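Structure, as structure tokens:
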Amino acid sequence: MRNHPAAQLRPESAAGAGSAPLRALATRIPQYWALTKPRVTQMTVFCAVIGSLLATPGAPDWALLAWTAAGIWLLAGAAFAVNCLIEAEVDARMARTARRATASGALSRTQALLFSLALGGAGAALLYARVNPLTMWLTLATFTGYAFIYTIFLKPNTPQNIVIGGLAGAMPPALGWAAATGSVPLQAWLLVLIIFLWTPPHFWALAMARRDDYARSGLPMLPVTHGMAYTGMCVWRYSLLLAAGSALPWAVGMSGLPYLGAAALLNAVFLRYGWLVHKRYTDEIARRAFAWSIVYLALLFAALLVDHYLPR
């Protein structure tokens, strides 16, 4: 007696049913990963690691450095996931963010919330147990400042949101310093100040190039509320403040002439872009200014690190 055709298909059907959860998992992992804003998280961890290394006179405790990086990565990723959760409706109106899983509905609010709680809880526990309580509390304060104060209260209510809320994004060097020494001295706050001054020209260049997107979002971003000319002037002024602020590590004896020379070269390019955004604006110039600002910060902190390990 011949097998029924349906019976011949059962093994393949069973195999297909068995692989369905794996396919679903393969789809979910990139969606959850994207919620952590990996490129921004990497920069956050990079600045924290530089803070730890600058706080250490000699060779660092590599195990402590690894635990610090992991804990800060987890809490930063949790903060960004909460940001995506809260801004899901705003993100859905913007071309740049509409494909985020929270904006498209690919992940539910419950899934995103549980994911952020898992990351944040793991990060806090790791920092407390393997680093020190000060680092945990400072990182939790940074998490609260970004995920809730900035996202809920500042961003939708004031065009100066990125200035006021920039302190949360500027904290990573202080977190790294606290992890290495258990304290946050003046040198750490100078690094925080540099990132604080860097944030407005960095972000406003992007906001200018994406002004139509932000207008659709309903967020009171500076190019939308005050116009392009005013925003360009602000970019230029903050570029000048950043150039001055980036010299402070040398001024207080934290770094030497090699760093000062590197900072001068990097600032020359940054100031050129700031001037072009102010006086000769095009969307292409704004996009280049935004891209350079990321390179600038990475190279500036790398220059601080190289100078730190040069023989005196």
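The values are calculated or read from the model by the stated rules, or taken from the named source; none is laboratory data. Source: prediction; values computed, not measured. Don't worry about glycine lacking a Cβ; one is built from the backbone with ideal geometry, like all the others, and counts go over all protein chains shown.
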Q.
Can you find, within the range 126-149, the residue that is farthest from Leu85 (Cα to Cα) among those that are at pLDDT 95 or above and aromatic (Phe, Trp, Tyr)?
A. Tyr128
Q | Members of the range 159-179 that are farther than 13 Å from Leu197 by Cα and aliphatic (A, V, I, L, M) | A | Ala174, Leu175, Ala178, Ala179
Q. Do we find a residue being closer than 22 Å to Ile86 by Cβ, assigned by TED's automatic domain parsing to the domain that holds Val269 and surrounded by fewer than 22 Cβ atoms within 10 Å (Cβ to Cβ) anywhere in the range 225-238?
A. yes
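A quick yes/no check of all residues on (1) at pLDDT 85 or above; (2) assigned to a helix (DSSP H, G or I):
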residue: Pro11; (1), (2): no, yes
residue: Ala15; (1), (2): no, yes
residue: Thr27; (1), (2): no, yes
residue: Pro30; (1), (2): yes, yes
residue: Ala48; (1), (2): yes, yes
residue: Ala59; (1), (2): yes, no
residue: Leu64; (1), (2): yes, yes
residue: Leu74; (1), (2): yes, yes
residue: Ser116; (1), (2): yes, yes
(Q) Would you confirm whether or not the range 184-202 contains a residue that is out of contact with any helix residue (DSSP H, G or I) (no Cβ under 9 Å at 6 or more places or on another chain), not in a loop (DSSP other than H, G, I, E, B) and not acidic (Asp, Glu)? (A) yes
Q) Any idea which of Val40, Val45 is at negative phi, surrounded by fewer than 24 Cβ atoms within 10 Å (Cβ to Cβ), within 18 Å of the chain's Cα centre (by Cα) and in contact (Cβ under 8 Å) with a residue 60 or more places away in the chain? A) Val45
**Q.** Residue satisfying condition, being assigned by TED's automatic domain parsing to the domain that holds Thr36, over 20 Å from Gln42 (Cα atoms), in contact with a helix residue (DSSP H, G or I) (Cβ under 9 Å, 6 or more places away or on another chain) and outside any helix (DSSP H, G or I), within set Ala129, Ala106
**A.** Ala106
Q) How do the pairs read when you match residues in the range 270-296 that are assigned by TED's automatic domain parsing to the domain that holds Tyr230 with residues anywhere that are surrounded by 14 or more Cβ atoms within 10 Å (Cβ to Cβ) and outside any helix (DSSP H, G or I), using Cβ under 6 Å and keeping only pairs 6 or more apart or on different chains? A) none
